[in-house]
Amino acid sequence: MVDVTCYDFSSMLSALMNNKELNQLSNLVVNPNDPFAKYVSPTGKLGEVNSGYWFHQAYNNLVTDCNNDFLLPIIFAMDKTTISNSAHLHVFVIMFTTTIFKRSIRNQAHAWRPLGYIPIERNYYSGSQWNAMTSELKSVRLNMLFDTVLQSFRVAQVEGALKIPLTLGNQTKVVNLKVPLAFIIGDIQGGDGICGRSAYYQSDARRICRMCNATPEVYESKEVENCQLLVMEEMKQLCINKETEKLHSLMQYNNWQAFFDIDYGGLPGGVFTAACPPEALHSLENGLINHCLKELFKHVITNQTQRKFDVVVQEWVLYSRQHYMKAYSTEFPRLLFQDGVSSITDISAGTKVGILFAIVIAALTRNGREVLLNDAKLTDNSYFNMIEAFELLLCYWAWLKKEEFWDINDMDALQCAKSSIFKTINRLKYLFPRSAGNQWKIPKLHEQMHIAHNIYLFGSHSNIHTGPQENNHIANSKKPSQHTQKR
């Protein structure tokens, strides 16, 4: 028996929307002429979630009476967080908010409400007991816990369940509220658990991405469109029909997933598209950039060369203050490192981007170039290739931080974005090959191929970034847990 802490979705949503500090027209993504009418982006570009293709499709699918129905899309944030280091105690937190709040508001902890806190089931068993369980059984038990937390949300999604007076700013109207789930913010392993994909990532994995049917062969593909997005209804039928072999070939557990019963506004991919879309923190900052830094410091330059290169970077701290040259800046990654740049363990993802930025700048200086070419004995070709690869990643990272992207109806721009990302990834593999592990044959590399499509669906990439929500765990999970017995 596992005790799960659950909150009623309708009550929590009411508390959220009745918060006068949050519910102000200046904080809302609504139609400026009539807040209860369909939202249309003022610029016509992909920015807030409600400017994306998903919102327009969900509106067409769910809003049958524009005078009475109101679309209020929901965002989940699901992640494991530590509430006691001494007891090694963790909980799986499920929080929610709505896309009607601007992204700047959603990034704040008080714009979220809890739906449930699930204890990590492993804490209830010894190591030998836990290891004796099959991955299928663990998936079954996890979905029982998910199902418990999702009960009140499923009830709220039933047609006519939320016919309530809704206040938007200073206007109130009785509406038939529609609350589809837009997407779930979280990390890769969490998303795989939500979808029911086996969390196996080696080079012989039969399926490498929870969103699509991609196999390891796509790593060598020369085609931009080298996979097909999964359709949730088809996967549900495989489970209903007990087609174990087909599910096994897709590395999909054959048990029913709790998130199959949720309404995603008619999105064909359902939970497979909505569950933890790949985003910059995990797939780029702690993904590709992290792998580049490890390759550089473990396989390209020696410890002696690292010490000399650190000295080049440390000298910048002694320079007089210049515009933008400080530890952190809103426009640039971190540049000043008093302790050098060769230590990449136990640091934040943002700091890793700063280290990469500092490496590029240092490599272009006379002293940095001398260290890399003479001490590290890099050839001119490998030296320039490394700089180009790192600059590509930094430009890609900066592009993902844009507030707005292309026009929603500009399909040529969408294809251009897909093609540009594909070229960037292939250039990275050529310019800076990895010698460790599976080289560049890793799921985080293929996940980049879905980034442009997700921007098309959900607006600016910052909408799905996990960084703000991981920071919000402090206010929404860690601090409240200090007032409990932590059992």
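The values are calculated or read from the model by the stated rules, or taken from the named source; none is laboratory data. Owing to the predicted nature of the structure, the values given are computational and were not obtained by experimental measurement. Using ideal geometry, Cβ is built from the backbone for each residue, glycine included, and neighbour counts are taken over all protein chains shown. Areas reflect the complete protein model, heavy atoms only, side chains present, ligands, DNA and RNA absent. Shrake-Rupley method; radii C 1.70, N 1.55, O 1.52, S 1.80 Å.
With point charges of +1 on the Cβ of Lys and Arg and -1 on the Cβ of Asp and Glu, referenced to the Cα centre of the chain, which listed residue (PHE458, ILE118, LEU267) lies farthest in the positive direction of the dipole?
ILE118
Tell me the volume per residue, in Å³, of the convex hull enclosing the alpha carbons of segment 31-140.
163
With charges only on Cβ, +1 for K and R and -1 for D and E, what is the dipole size of segment 315-426 about its Cα centre, in debye, rounded to 20? Walk me through the numbers on the way to the answer.
Values: 11 positive and 14 negative charges, 50 e Å.
Computed about the Cα centre, the dipole is about 240 debye.
For every helix of n ≥ 4 consecutive DSSP H residues, a contribution of -39,500 (n - 2.57) applies; sum these over the chain, divide by its total residues, and give [θ] at 222 nm rounded to the nearest 500 deg cm²/dmol.
Result for the chain: -11000 deg cm²/dmol, rounded to the nearest 500.
Between ASP407 and ARG122, what length in nm is gained on full extension when 0.36 nm per residue of separation is reduced by their alpha carbon distance?
Values: separation 285, 0.36 × 285 = 102.60 nm, distance 4.67 nm.
Full-extension gain reported as 97.9 nm.
For labels at TYR430 and GLN415 in the simple 7 Å Cα→Cβ model, what's the distance in nm?
If labels sit at TYR430 and GLN415, their model points lie 2.2 nm apart.
Where does segment 179-313 land on Rg(C-alpha)/(2.2 N^0.38 Å)?
Ratio of Rg to 2.2 N^0.38 Å for segment 179-313: 1.34.
Rounded to whole Å, give me the distance from the Cα center of segment 400-421 to that of segment 452-487.
What the calculation gives is 25 Å, centre to centre.
Dipole of the chain, Cα-centred, from +1 at each Lys and Arg C-beta and -1 at each Asp and Glu C-beta, to the nearest 20 debye?
Rounded to the nearest 20 debye, it is 960 debye.
Under a Cβ-Cβ cut-off of 13 Å, what is the net charge of the residues other than LYS45 that fall near it, where Lys and Arg count +1 and Asp and Glu count -1?
-4
Over the chain, what relative contact order in percent results from Cα pairs under 8 Å that are six or more residues apart?
Once normalised by length, the contact order is 20 percent.
Hey, got a sec? Which trypsin sites (Lys or Arg not before Pro) in segment 100-144 land in a DSSP loop and have at most 11 other Cβ atoms within 10 Å?
Taking segment 100-144 and a limit of 11 other Cβ atoms within 10 Å, no loop trypsin sites (Lys or Arg not before Pro) are found.
Based on Cβ point charges of +1 for Lys and Arg and -1 for Asp and Glu, what charge dipole magnitude is obtained for segment 215-325 about its Cα centre, in debye rounded to the nearest 20?
Taking the Cα centre of segment 215-325 as origin, the dipole is about 640 debye.
Would you kindly calculate the mean projected area, averaged across all directions, of the convex hull enclosing the Cα atoms of segment 140-222, in square nanometres?
9.1
In whole percent, and with a 1.4 Å probe on the protein chains, what portion of the accessible area of segment 151-287 is carbon and sulfur?
Summing carbon and sulfur atoms, their accessible area is 51 percent of the total for segment 151-287.
Any chance you could give the angle, 0 to 90 degrees and rounded to 10, that helix 349-363 forms with the longest Cα principal axis of the chain?
That works out to roughly 30 degrees.
Rank PHE183, THR97, LEU281 by how far each Cα sits towards the positive end of the charge dipole of the chain (+1 on Lys, Arg Cβ; -1 on Asp, Glu Cβ) and give me just the farthest.
LEU281
Put +1 on the Cβ of each Lys and Arg and -1 on the Cβ of each Asp and Glu in segment 312-421; which of TYR383, SER342, VAL353 then has its Cα farthest toward the positive end of the dipole?
SER342
Go through LYS38/LYS401; LYS377/LYS444; LYS102/LYS402 and tell me which ones have a Cα-Cα distance over 21 Å in this structure.
LYS38/LYS401; LYS377/LYS444, as the Cα separations exceed 21 Å there.
Taking a probe of 1.4 Å, how large is the accessible area per residue of the chain, in Å²?
With the other protein chains kept in place, the chain gives 46 Å² per residue.
Do any cysteines in the chain lack another Cys Cβ under 4.7 Å, and if so which?
Singleton cysteines: CYS6, CYS66, CYS195, CYS209, CYS239, CYS276, CYS292, CYS395, CYS416.
Whole number please: convex hull volume per residue of the Cα set in the chain, in Å³?
174
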